[in-house]
Amino acid sequence: MALEDPRDLKGIDQEIRINELKAEAEELAGGEMTTWENPDCPPDIAERFWEHVVAYEKAPRTSHFQMLSDRGVELPPPDELSDEALHAKLWELIHALAEMQTFLVSTDHYNDRELYEHLWYETLHEVTIEPLPGITCTLDLVSSGSEEDIENYLRYYADDESRAHWKESYPGDAIPPREKPPYDRDRQLPKG
């Protein structure tokens, strides 16, 4: 039978570790950090969260394009590929990303060429970190906050509740009519 610690030394030690992690995260962020923590968050979860924050901030910066290249995945420019070759290369890319625990979502508004171009010219060159153990990365292709992405999200992906919430939150914004996406790829994509 385990004896209870009336002074809760384990809990105090954990609270000290959490505070040390928070201080390290703040230092890594250059001294400016805005956070909110649920007061009911169990200490074990809070500690793991702050461990992940510190690991993320310490991880070397790179890009998905560089990581793929380092793994031997060739990514020729889109204009060098026929439609058939591009389709095959796109799926090779999608599976190579999944092997790196990186998953695509919200791709059904792009045809194969548009998606490969978007990935090749933009998304794959964005700064990221090397994958951390146990962590996945989701590349949501309508989440940049651009007007085009917001419109595509509302048009093709947002459910009725999300559309209503958007209308309430941004009453001046025009909500595009709901449409079925022109392509059917997302359901076939690897999932994390």
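The values are calculated or read from the model by the stated rules, or taken from the named source; none is laboratory data. In this text the structure is predicted, and so the values were computed from the model without any measurement. Virtual Cβ from ideal backbone geometry, glycine too; neighbours counted across all protein chains shown.
Would you tally the residues in the stretch 37-68 being part of a helix (DSSP H, G or I) and either touching a residue at least 40 places away in the same chain (Cβ under 8 Å) or among the hydrophobic types (A, V, I, L, M, F, W, C) (or both)? I'd like the intermediate steps shown before the answer.
Taking the stretch 37-68 as the starting set, the residues that turn out to be part of a helix (DSSP H, G or I) are 43-58, 64-68.
Then keep just the ones that are either touching a residue at least 40 places away in the same chain (Cβ under 8 Å) or among the hydrophobic types (A, V, I, L, M, F, W, C) (or both); that gives 45-46, 49-50, 52-56, 64-65, 67-68.
Residues meeting the conditions: 13.
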Would you point out the residue of the stretch 1-51, among those that are within 22 Å of residue 134 (Cα to Cα) and of a type in the set (Val, Ile, Thr), that is modelled with the lowest pLDDT?
-> 18
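Run down 153, 116 and say which single residue is in contact with a Ser or Thr (Cβ under 9 Å, 6 or more places away or on another chain), closer than 30 Å to residue 81 by Cα and surrounded by 15 or more Cβ atoms within 10 Å (Cβ to Cβ).
Working: 116 fails: in contact with a Ser or Thr (Cβ under 9 Å, 6 or more places away or on another chain).
Within the list 153, 116, the selection yields 153.
Please pick out the residue among 122, 51, 27, 84 that is surrounded by fewer than 17 Cβ atoms within 10 Å (Cβ to Cβ) and within 27 Å of residue 153 (Cβ to Cβ). Give the derivation first.
Numbers: 51 fails: within 27 Å of residue 153 (Cβ to Cβ); 27 fails: within 27 Å of residue 153 (Cβ to Cβ); 84 fails: within 27 Å of residue 153 (Cβ to Cβ).
From the options 122, 51, 27, 84, the qualifying one is 122.
Of the residues 56, 110, which is within 20 Å of the chain's Cα centre (by Cα), buried (at least 16 other Cβ atoms within 10 Å of the Cβ) and aromatic (Phe, Trp, Tyr)?
Among 56, 110, only 110 is within 20 Å of the chain's Cα centre (by Cα), buried (at least 16 other Cβ atoms within 10 Å of the Cβ) and aromatic (Phe, Trp, Tyr).
May I ask you to say which residue of 93, 86 is touching a Leu at 6+ places or on another chain (Cβ under 9 Å), more than 18 Å from residue 135 (Cβ to Cβ) and not hydroxyl-bearing (Ser, Thr, Tyr)? It would help to see each step written out before you state the result.
Numbers: 86 fails: touching a Leu at 6+ places or on another chain (Cβ under 9 Å).
Step by step, each of 93, 86 is checked, and only 93 is touching a Leu at 6+ places or on another chain (Cβ under 9 Å), more than 18 Å from residue 135 (Cβ to Cβ) and not hydroxyl-bearing (Ser, Thr, Tyr).
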